[in-house]
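The values are calculated or read from the model by the stated rules, or taken from the named source; none is laboratory data. Model, not experiment: these values are computed from the prediction. Using ideal geometry, Cβ is built from the backbone for each residue, glycine included, and neighbour counts are taken over all protein chains shown. Only protein heavy atoms, including side chains, enter the accessible area calculation; ligands, DNA and RNA are left aside. Shrake-Rupley method; radii C 1.70, N 1.55, O 1.52, S 1.80 Å.
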Amino acid sequence: MATPFIGRSEGIERIRALINHVADTGLNVIITGESGVGKEVVAQNLSFKSSRKDKPFIKVNCAAMPDGLLESELFGFERGAFTGADRKKRGKFELARQGVIFLDEIGDMPFLLQSKLLHVLQGGEFSPLGSERDIRSDAWVIASTNQELKKKVKEGLFREDLYYRLNTIKIHIPPLRDRPEDIPILIDYYIKKYASQFDGKNISKPDIFSMERLMNYSWPGNVRELQNILKNCIVIGDWEKIIDDLYLENRSVSTSRSEEQVLEGNSIVDVFLDYKSEYYSDFESFSLNNIKKKAIDRIEKEVISFVLDETDWNRTKANKILKISYKTLLSKIGDLDIKQ
């Protein structure tokens, strides 16, 4: 059973439709997108929707093995083919007979090995290392990459003929930050999944404020990062702390020079001073969390204001610089106490 492809955004619905159209064609597919977006899930769904769903689904990570080992992993070898080859080994292409072979991170495949893969795709045959016989391959080849293969072709690091052979059908998965409407659905799905995996342990859903912050987060690790956050929540059980740590960690890694200029000379203590009278008049409201929320809100507003000014209010440019969805940017602009 394939892992469900979760989401209701326009990009995800388009991919679902494409999977249904492509599944029984047997055409080579290349799945692109950032790390963690779910490329293997799309490959699994392609296989499950096809007539090959009861046949093997074999995954090979092209980035995880040295050159020589990857070749023997893909095509196998005969006994005595090299030092230490004391037995025959069948390759993944042979094991995937009548099924699917998923070549994950194809952009990391060594250049010399790419020519042998091209030969398999063109002629449907390959020879195990040390063998004089050819083996017929009828495996459906689905590849994935988080790299710009066209750029690698221009740099001479990826074969152009292999690129066009693989690129018969291209499925691009947008990053999670560009489809925030999928986040609540993903959270619901994984909460149910992990509750059953961890002996029915209850995982509380984030409140409205926490969900908004999750939907506004940039998610550099995409769905995989979201999965890790939910597992973390099982242990800690405090959404607010987890999200605070998430924002702080991401800011420490990705704070740009322009952001630093905005923050320079603005002490966070000023945030407390701005609201000093409020806290003194209503001591029940005084807490570090309240100050933290107000500080984060102030920083976001100042950074967005700065970027909008620098781009002459070109929302498309600002959206790319801030690395948030266009919908989120418009929402944030609506909250600003400034005019164009």
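Consider Lys151 against the criteria (1) within 19 Å of Ile106 (Cβ to Cβ); (2) in contact (Cβ under 8 Å) with a residue 60 or more places away in the chain: it satisfies all of them except one. Which criterion is unmet?
Evaluating Lys151 over (1) within 19 Å of Ile106 (Cβ to Cβ); (2) in contact (Cβ under 8 Å) with a residue 60 or more places away in the chain leaves (2) as the failure.
So which residues in the stretch 8-18 are of a type outside the set (D, E, K, R), open to solvent by 10 Å² or more (accessible area, probe 1.4 Å) and in contact (Cβ under 8 Å) with a residue 12 or more places away in the chain, if there are any at all? Quick ask: steps written out before the conclusion?
We begin by selecting, within the stretch 8-18, every residue of a type outside the set (D, E, K, R); these are 9, 11-12, 15, 17-18.
Narrowing the set further to residues that are open to solvent by 10 Å² or more (accessible area, probe 1.4 Å) leaves 11, 17-18.
Gly11, Leu18 - these are the residues of the stretch 8-18 that are of a type outside the set (D, E, K, R), open to solvent by 10 Å² or more (accessible area, probe 1.4 Å) and in contact (Cβ under 8 Å) with a residue 12 or more places away in the chain.
List, please: which pairs have Cβ atoms under 8 Å, are six or more places apart or on different chains, and start with a residue in the stretch 212-223 that is touching a residue at least 60 places away in the same chain (Cβ under 8 Å) and end with one that is open to solvent by less than 20 Å² (accessible area, probe 1.4 Å) and β-branched (Val, Ile, Thr)?
So the pair list comes out as Met215/Ile183; Met215/Thr328; Asn216/Thr328; Asn222/Val37; Val223/Val37.
What number of residues within the stretch 36-55 satisfy the criterion of being open to solvent by 50 Å² or more (accessible area, probe 1.4 Å) and either part of a helix (DSSP H, G or I) or touching a Gly at 6+ places or on another chain (Cβ under 7 Å) (or both)?
Residues meeting the conditions: 5.
So that you can scan it fast, the table gives a plain yes or no per residue for (1) loosely packed, with under 12 Cβ neighbours inside 10 Å; (2) within 19 Å of the chain's Cα centre (by Cα):
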| residue | (1), (2) |
| --- | --- |
| His172 | no, yes |
| Leu176 | no, yes |
| Glu181 | no, yes |
| Tyr189 | no, yes |
| Lys192 | yes, no |
| Ser196 | yes, no |
| Asn202 | yes, no |
| Asp207 | yes, no |
| Ser210 | no, no |
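Hey, can you tell me all the residues within the stretch 1-34 that are of a type in the set (A, V, I, L, M), at pLDDT below 95 and closer than 17 Å to Asp178 by Cα?
Within the stretch 1-34, Ile6 is the sole residue that qualifies.
Only residues that are among the aromatic types (Phe, Trp, Tyr) and open to solvent by less than 40 Å² (accessible area, probe 1.4 Å): list them for the stretch 68-104, please.
Phe75, Phe77, Phe93, Phe102
Conditions: (1) surrounded by 19 or more Cβ atoms within 10 Å (Cβ to Cβ); (2) of a type in the set (A, V, I, L, M); (3) at pLDDT below 90. Met65 meets all but one. Number of the miss?
The number of the failed condition is (1).
Looking at the stretch 153-165, can you tell me whether even one residue there is part of a helix (DSSP H, G or I) and closer than 29 Å to Asn319 by Cβ?
There is at least one residue in the stretch 153-165 that is part of a helix (DSSP H, G or I) and closer than 29 Å to Asn319 by Cβ.
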